[in-house]
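Let me begin by presenting the structure, written as C-alpha cells, before commenting on it.
No lab work stands behind these numbers, since they all come straight from the coordinates. The model shown is predicted, which means the values in this text are computed figures rather than measured ones. In this analysis, Cβ positions are derived from the backbone assuming ideal geometry, glycine residues included, and neighbour counts consider all displayed protein chains.
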Amino acid sequence: MKRLLYLILTFTLLFSVLGGIGASAKDNNKLSKEEEIQQDTKNMESSNEIFKINSGKSSQKSLIMNSIDATASDTIPVLESADPYRWQENVPRNKVIRLGFSTLIQYGNKKIRVWDTDTYDDFPIRTEIQGSYLLITPIGNFDPFKKYMISIDNGAVSSLSGYGNANFFYSFNTNNVLSPLAEKVDPSFGQDNVPVDKVIKVIFDKSIKSIDKSKILLLGDSSKTIPATVTTSGSTVQIKPNSVLNKNTVYGFGLEEGAIYDTNGIPNQRIISVFMTGSSSGGGTDPGNPDDGDNEDYDLSVTVEYKKTAKIKIQGGKSPYTVTSSNSSVATATIKSNYITISGKKKGEATITVKDKNGEELTIDVNVIDYIVNF
C-alpha cells in the first residue's frame, strides 16, 4: 500500500512546472561577504529543522532509497540533501540543482530563486517536482567563475497536507565546464507498467569516453541491490537486470556523479529515477508516448521590472516560432536566435504565447513590477 500511494501521489506531481523564473527585483539590503556568510550560517546551521545536512554529499544508495520510500506526511518538509551542496566550488555551468526533502512535496505560493551575488539579478530557471525532490534547471548556462545563491522562501514548497517549508538559502561557485546531461532517461521518473524484462537506458548529449560501473546502481525494495550488466555505446548507458524483475514492484536506479566521463574528461551530473513494473514482459509504457505526460506543456512565469527585460531560451519544438502578447501595453516579446526577450512596459500582468511551426503552444505569465529604489 505504501508503494502504491507513493506512485499515485508522484503521478499527480510529475511534470508540474512552477513559474520557474524568480523576480528580477534587487535586494534592498546588500550584504557584505562576511555578513552574507554569517546570515547563511545562521539560517542553515542554527536549526536542524531547517537544514539537516552538513555537506550534501549523501550516498547514491541513500538518495535512491529516499525516492523509493518517499511518502506523504503531515509535517513540514525538511531539506535533507542538496546538490550542489552549500559553498560547493567548481559547479558545472549547466548544473541541474537537486534538493531532497523529508516528505513528498508540491508547489507552494512563494518564490524559488537563483541569483547572482554580484549583481543581485535573478537567473532564469525552470523547476520540476519529482516525488520528494525539487529540481531547478537553469535556462541557458550559468556564467563561468561566478557565485550564485539558491533562495527558497517560506512556503515555496509544501507537504501534500499543505505544511510549508522553512526558508533557507546558500551559495555555490561555478567553473567553466559544461557537463554531459541526460537527454532521455528510460524508464522516466514515476513511470508505471514497466516491463519486467526492461533494459534501462540513459542517453546523454555527449559521447561517453569512460565509465565507472561502481557508481551505477539498480535497487529494489528494502535497499536490495539488483544485479545488472552495465554497458555503453556512443552516448548511451544500458542497465540490463541479470534476471527478470518482480511484477508490480517499485525500483530505483541512479548514476552518481562521475559514473561516466565524456570525451573531454568531464563527469556526468547525478541522475536518479524511480519506476514501477507491470505484470508482463515486453511492451509497457513508452516514455515518448504523449499519454505518459512527457509532452505536457510547461507553464512558465516571469517577473520583470518596468523598462527592463528578461530573456528565455526556447528548447524543443520546430522553428520558425511566433510570439504574441495578450497585453502589449504591459509587456511585449520578440524572438531572435531561439531566445525570447520580454520587455516590461508598465505595471501589470500579461500572457505571452509562443507557437512553433507545428502549432504547438507554450504560455508565459508575465508580471511587470515598479522600479525598486535602494536608499
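List of remarks:
- Ranked packing of 145-156, 251-262, 322-333, most packed first, by mean Cβ within 10 Å: 251-262, 145-156, 322-333
- For the cross-link pairs LYS198/LYS224; LYS111/LYS355; LYS95/LYS206; LYS318/LYS345; LYS110/LYS184, the ones whose C-alpha atoms lie over 24 Å apart are LYS111/LYS355; LYS318/LYS345; LYS110/LYS184.
- Here the label points at TYR120 and THR353, each 7 Å from Cα along the C-beta direction, are separated by 3.8 nm in the simple model.
- Value in Å of the Kirkwood radius, where the range 300-369 supplies the Cα pairs that are averaged: 11.8
- Gyration tensor (alpha-carbon) shape descriptor, the range 156-266, a/c threshold 1.5: oblate
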